[in-house]
1. Roughly how big is the stretch 37-130's charge dipole about its Cα centre, with Cβ charges of +1 (Lys, Arg) and -1 (Asp, Glu), in debye to the nearest 20?
2. Taking every pair of alpha-carbon atoms in the stretch 102-152, give the share separated by more than 15 Å as a whole percent.
3. Using a cut-off of 15 Å between beta-carbons, work out the net charge of the residues near Glu98 (Lys and Arg +1, Asp and Glu -1, Glu98 not included).
4. Could you please report the charge total around Ile52, scoring K, R as +1 and D, E as -1 over all other residues with beta-carbon less than 14 angstrom from its beta-carbon?
5. Quick one: pull the percentage of alpha-carbon pairs in the stretch 52-200 with a separation above 19 Å.
6. At a 10 Å Cβ-Cβ cut-off, how would you order Leu113, Leu142, Leu20, Leu56, fewest neighbours first?
7. To make sure I understand, if each residue's beta carbon is the centre and we count other beta carbons within 10 Å, what order do Asp151, Asp144 fall in, fewest to most?
8. Relative contact order (percent) for the stretch 1-60, with alpha-carbon contacts under 8 angstrom and 6 or more residues of separation?
Amino acid sequence: MKNTVLSIENLVFGYKKTKLIYDNFNLEIQKGEIKSIIGSSGSGKSTLFELITHNLKPISGIINSKKISSIFQDPYSSFHPTYSLIEQIKDAVDDLSELDFLLEKFSLELSILEKKPHQLSGGQLQRCSIIRAILMKPDLLLADEPTSALDNIIALDVMKVLITFTNKFGILIITHDEDLAKWCSDEIINIENNTITYKD
């Protein structure tokens with residue numbers, strides 16, 4: 001039985017009606033699936049996330065999703081600069097029972113959460129952002145360049161951990177890293193040439 005967490009049907013959108021970014025675009029994600037959107041800067045990748053989260057309104061088409069949490073490319077924009085990380089996680093999350101488990105999985109100490117965002121490296125802060133997103137218990141996780149603030153070794157480790165949670169939600173990734181997309185995705189959508197690549 002299907003457990004659809006995102007359904008996009010016949011999406012039409014452009015900032016100018018004479019120049020469409022999406023023209024009858026369709027996408028469906030089930031719990032347990034990872035799909036990636038690839039394309040160059042300015043091709044409309046982040047625009048799709050804005051449409052999914054209803055920050056932008058399509059010209060036409062239907063977008064339905066279950067509960068969403070997001071990971072953003074710039075982790076410093078994900079947190080308020082004057083509050084500790086644990087305060088901000090508690091504001092967004094009802095159940096912290098998995099916090100210690102996730103900190104261990106992402107190689108972070110509990111004490112790091114008492115700090116403010118500017119006291120952490122970009123890589124540490126991005127891992128905290130991912131932990132918060134998982135603790136929000138989404139059905140759909142939107143990940144905009146989730147490893148861009150991480151070095152290659154940590155990025156691989158983080159993605160390996162993230163993949164272990166696909167039994168809980170579906171993941172839609174925006175990335176310019178085609179190798180990453182090929183490694184982790186069940187399906188890759190190149191929005192520049194309208195091609196779809198499936199996992200072998």
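Here, each number is a calculation from the coordinates, and none is a lab measurement. Keep in mind that what you see is a predicted model, and the values were worked out from it rather than measured. Ideal geometry is used to build each Cβ from the backbone, glycine not excepted, and the neighbour counts take in all protein chains shown.
1. Numbers: 9 positive and 11 negative charges, 93 e Å.
Result for the stretch 37-130 is approximately 440 debye, rounded to the nearest 20.
2. Numbers: 591 of 1275 pairs.
When every Cα pair of the stretch 102-152 is considered, 46 percent fall beyond 15 Å.
3. Values: positive: Lys90, Lys105, Arg127, Arg132, Lys137, Lys168; negative: Asp94, Asp95, Asp100, Glu104.
Spelling it out: positives minus negatives among the neighbours equals +2.
4. Details: positive: Lys35, Lys45, Lys57, Lys66, Lys67; negative: Glu9, Glu28, Glu50, Asp139, Asp144.
With Lys, Arg at +1 and Asp, Glu at -1, the net is 0.
5. Working: 6097 of 11026 pairs.
The proportion of pairs with Cα distances above 19 Å equals 55 percent.
6. Numbers: Leu113 19, Leu142 23, Leu20 16, Leu56 13.
If I rank by nearby Cβ atoms, fewest first, I get Leu56, Leu20, Leu113, Leu142.
7. Numbers: Asp151 10, Asp144 19.
Fewest to most other Cβ atoms nearby, the residues stand as Asp151, Asp144.
8. Details: 72 pairs, mean separation 20.9, N = 60.
Over the stretch 1-60, the number comes to 35 percent.
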